[in-house]
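The structure under discussion appears below in the form of structure tokens.
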Amino acid sequence: MKHAGWKTGMIALLLTGVVGCSSSASPAAVTQQSATSSQSDSSTSSQQAVHTISVDEKKVEELLTQFKTQPPTKVVTVSVAITEILNELSVTPVGVPSTSSKLPASLDNVPRIGTSHQPDLEQVAKLQPDVILGPTSIKASIDKKFKPAALPTAYLPVDSIDELKLSTVVLGRLFKQEEKATAFLQSIVEKEKTIIDATKGKSAPKVLFLFGSAEALMVMNENTFVGSLARNLGASNVASDVLKQTETYVPLNMESIVAANPDVILLVAHGDPSAVTKKFEEDVKKNGAWEKLSAFKNGKMKALDYSTFGIASLVKVPAAYEELAQILYNK
């Protein structure tokens, strides 16, 4: 089966904290302190919670070199993830992607410019953007659309949680909104830490993540949105840890999955999740592996909510962590 073109289209659908970083060219540890004070008689005591994210300063600077105008005045986005981050920074694009995902209400009157993979070139050109922001994962397909028209583009990584955080740092700096970027990241990191701490010491399951439709399924490693969630929760991703999958997405190979024997199988279904689940079950039965897989014996195969896990979203990280922790660690 030829998967290359289909794979590119599928990836398009999927789309710890002071944000001000050091100027070093090596990865920098960046710290945000959140202080709360209480008054006791004549003395004041404060309790500080310190959260750290690792920011690759060299990567930040590299991404910023894409922008000729800093900050850009007129921005078009072809990414839901980037659109959400800009909204948190109080930056309003002049054009946003057409999507079934719910965008912030503040963007209701902003023109839609087509889907991430099928942007409307004429509509975008009318908006005369200083830059079109897109996800790195589909750079090749977007360039084919906009480069011949001499429309300016820039790309940010937004597949995993770490990439979303990095891009928030970049956008905060680009638009001179570092304080808002800091506050946004801090709120995410605090919620993230609370949920992760609750899973510490628990037996980590081996989990297999599948993405696709009834026609074709791909195996996702830990560099995807849901894969990075599971990794941070302490789960072992079968693709990365057992199958040693270096590519973010690879076609499903039933024999290797049977050999890996995951404890949990989770599907991010594009389309009808019940149809995708049924097709996968049929393929497992054909392989004769139904009785062998721990996930099936323990009833631990589930289609995840696409609205939460289908598109990488820093805004949805707290809810996604909570739901995934319940699935992975509750018997």
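The values are calculated or read from the model by the stated rules, or taken from the named source; none is laboratory data. All values reported here derive from a predicted model rather than from experimental measurement. When we count neighbours, we look across all protein chains shown, and the Cβ atoms used for this are built from the backbone with ideal geometry, even at glycine.
Some points to look at:
- Only a single item in (1) touching a Gly at 6+ places or on another chain (Cβ under 9 Å); (2) crowded, with 23+ Cβ neighbours inside 10 Å; (3) in the same structural domain as Gly95 (by TED's automatic domain parsing) is not met by Phe211, and it is number (3).
- Residue check for Leu293: modelled with pLDDT of 80 or more, buried (at least 18 other Cβ atoms within 10 Å of the Cβ) and within 16 Å of Met218 (Cβ to Cβ): no
- Meets criteria (among the charged types (D, E, K, R), crowded, with 20+ Cβ neighbours inside 10 Å and either in the same structural domain as Lys316 (by TED's automatic domain parsing) or in contact with a Ser or Thr (Cβ under 7 Å, 6 or more places away or on another chain) (or both)) for Glu84: yes
- Within region 283-306, restricting attention to residues that are under 30 Å from the mean Cα position of the chain (by Cα) and acidic (Asp, Glu), the residue that is farthest from Leu324 (Cα to Cα) is Asp283.
- In the set (1) at pLDDT 95 or above; (2) surrounded by fewer than 17 Cβ atoms within 10 Å (Cβ to Cβ); (3) hydrophobic (A, V, I, L, M, F, W, C), the condition left unmet by Ala320 is number (2).
- Apart from one condition, Glu190 fits all of (1) buried (at least 20 other Cβ atoms within 10 Å of the Cβ); (2) in a helix (DSSP H, G or I); the exception is (1).
- Filtered residues of region 183-220 (kept if among the polar types (S, T, N, Q) and over 29 Å from Asn87 (Cα atoms)): Thr199, Ser203, Ser213
- Helices (runs of 4 or more DSSP H) within region 61-156 that include 2 or more residues of a type in the set (Gly, Ala, Ser) and at pLDDT below 95: 139-146
- Restricting attention to region 109-123, the residues that are under 15 Å from Ala140 (Cα atoms) and among the β-branched types (Val, Ile, Thr) add up to 0.
- Checking each residue in region 246-263 for being more than 16 Å from the chain's Cα centre (by Cα), at pLDDT 90 or above and buried (at least 21 other Cβ atoms within 10 Å of the Cβ) picks out only Pro262.
- As a summary of the residue check, Asp197 satisfies the conditions (1) surrounded by fewer than 22 Cβ atoms within 10 Å (Cβ to Cβ); (2) more than 25 Å from Lys68 (Cα to Cα); (3) touching a Leu at 6+ places or on another chain (Cβ under 7 Å) except for the one numbered (3).
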